[in-house]
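The values are calculated or read from the model by the stated rules, or taken from the named source; none is laboratory data. Predicted model only: the values in this text are computed from it and were never measured. Cβ atoms come from the backbone with ideal geometry, glycine included; neighbour counts cover every protein chain shown.
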Amino acid sequence: MILYPDGRVSPRQAHQLGCFGDNVLALRVAGSFDDCQRLVKQALADAVLRERCLLSSANSISLGRLLPQMAYYAAAALEHGRSRARPLGLIVPTGNLGNALAAILVRAIGLPLGPVVLANNANRVLADFLAGADYAPRTSVATLANAMDVGAPSNVERLVWLYPNPMRLREAVTAQSVEDAEIRATIAATAARRGIVVCPHTACAVAVLERLRAAGDRGDYAVVATAHPAKFERIVEPLVGRVEPPPALAELLARPARRTRWPPRTRPCASVCWPEPCSAPAARRAPSRSDAMRRAGHAVSETAASRSGVAIGCRRTARRRSMTPKKKKGRMANHPAQISTKAGEGGCPRAVPRKVERTAPAYLATAFLTRLTSSSLDFSN
């Protein structure tokens, strides 16, 4: 299951994430990367869900993600050390601090790595923290280097555990931030001067390298490249001309893609316009069986309450549809995962629901989505 922030990745990235099919379900989440990561962490911490599904994370929430990254940093350090007899410094584009933490861990175990410099975009939580400010997570802003649009890097806790002394930490790791205008200028200049086309994330690291050189630093550095620039053709091509996708990317782009919206337009009205509640007046809802049971003093679980019915769409739509599964040609009619409504119904510009279908990873998807719909997970900011 893939979660990504809707509208916060490039069109080709979104297509790539949704084209795998088979047992891979892509959810385009109405929010930021931090919201996606929060959902994953809440799911991993949910004991009931973990009893039903074996869950892990493919991003740097899991230390398993860092191990292969450590391997190529170790190889680069050893190769450079043998050939140049001096340590290799690294400039790492980073947002969530996963890739950079892998480099820091390689140096911590004793391999010959020199300075590790972090390159942030305009989301400068890490740059401010490592410059001496208190660690202060904040709402992320959208930038050209979208994979680094992170306001609460999850690996800061590991970094602080590794360097509990703040002074030692800031001596061991430094960071600089790069604004969008400098990203564009760096992409154009790198293509013109070096004949290399870089993506917006790699451009952040190249810009930091240029700053270090201008300040007189003549150490050996490797800029850590990230994505292929063809994934960001709308940013890169106006600056450098046509960029052909590599064969592997072209093959993925030729596949059909399907991305499911999350949260679907089947949640209660107060959360449907998430992350900002709609300003429309609250819809009047007919009393349900769960309401009657509550008035009678009975305890009603949120799961049972959700089956009794919710308002669909924006609060202006005031439509209510039963969630009770009904047999219809072997399928569950009106099941939450099969309900669709008309776009823009009720006049709310945010009420653009889409059909959510039951796809191949049925067991995991059903358990995950059902659990996320319950009140145990918080969708609010």
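Residues that are within 17 Å of THR202 (Cβ to Cβ), more than 25 Å from the chain's Cα centre (by Cα) and not in a helix (DSSP H, G or I) are absent from the stretch 75-84 altogether.
Just name the residue that is surrounded by the most Cβ atoms within 10 Å (Cβ to Cβ) out of those in the stretch 197-215 that are touching a Ser or Thr at 6+ places or on another chain (Cβ under 7 Å) and more than 22 Å from ALA133 (Cβ to Cβ). Here the answer is ALA203.
Within the stretch 112-140, the residues that satisfy the criterion of being of a type in the set (A, V, I, L, M, F, W, C) and out of contact with any Gly (no Cβ under 8 Å at 6 or more places or on another chain) are LEU118, ALA119, ALA122, LEU126, ALA127, PHE129, LEU130, ALA131, ALA133, ALA136.
Might you check whether a residue that is modelled with pLDDT of 95 or more, polar (S, T, N, Q) and over 27 Å from the mean Cα position of the chain (by Cα) occurs anywhere in the stretch 171-192? Yes, that holds for at least one residue.
Condition check ((1) hydroxyl-bearing (Ser, Thr, Tyr); (2) crowded, with 20+ Cβ neighbours inside 10 Å) across all residues:
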{"position": "PRO11", "(1), (2)": "no, no"}
{"position": "ALA45", "(1), (2)": "no, no"}
{"position": "LEU49", "(1), (2)": "no, yes"}
{"position": "SER56", "(1), (2)": "yes, no"}
{"position": "PRO68", "(1), (2)": "no, no"}
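Restricting attention to the stretch 125-154 and to residues that are part of a helix (DSSP H, G or I) and not aliphatic (A, V, I, L, M), the residue that is farthest from VAL178 (Cα to Cα) turns out to be PHE129.
Yes/no matrix, rows are residues, columns are (1) exposed (fewer than 15 other Cβ atoms within 10 Å of the Cβ); (2) under 20 Å from GLN37 (Cβ atoms):
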site	(1), (2)
PHE129	no, yes
THR143	no, yes
ASP149	no, yes
PRO166	yes, no
VAL178	no, no
ALA192	yes, no
GLY195	yes, no
ASP217	yes, no
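The single condition from (1) more than 20 Å from TRP161 (Cα to Cα); (2) at pLDDT 95 or above that ALA131 fails is (1).
Inspect all residues belonging to the stretch 114-124 and state whether any of them is in contact with a His (Cβ under 9 Å, 6 or more places away or on another chain), within 27 Å of VAL240 (Cβ to Cβ) and part of a loop (DSSP other than H, G, I, E, B).
Looking only at the stretch 114-124, we keep the residues that are in contact with a His (Cβ under 9 Å, 6 or more places away or on another chain), and these are 119, 121.
Narrowing further to those that are within 27 Å of VAL240 (Cβ to Cβ): 119, 121.
The next check asks that each one be part of a loop (DSSP other than H, G, I, E, B); those that pass are 121.
Yes.
Only a single criterion out of (1) under 16 Å from VAL178 (Cα atoms); (2) not in a loop (DSSP other than H, G, I, E, B); (3) not charged (D, E, K, R) is not satisfied by VAL236, namely (1). I'd like the full set of residues that are out of contact with any Asp or Glu (no Cβ under 9 Å at 6 or more places or on another chain), buried (at least 20 other Cβ atoms within 10 Å of the Cβ) and assigned to a helix (DSSP H, G or I), limited to the stretch 17-34. Answer for the stretch 17-34, where residues must be out of contact with any Asp or Glu (no Cβ under 9 Å at 6 or more places or on another chain), buried (at least 20 other Cβ atoms within 10 Å of the Cβ) and assigned to a helix (DSSP H, G or I): just GLY18.
On the basis of being outside the structural domain of LYS41 (by TED's automatic domain parsing) and touching a residue at least 24 places away in the same chain (Cβ under 8 Å), does ARG138 make the cut? When the stated conditions are applied, ARG138 does not pass them. Of the candidates ALA75, ALA119, ALA103, the single residue that is surrounded by fewer than 20 Cβ atoms within 10 Å (Cβ to Cβ) and modelled with pLDDT of 95 or more is ALA75.
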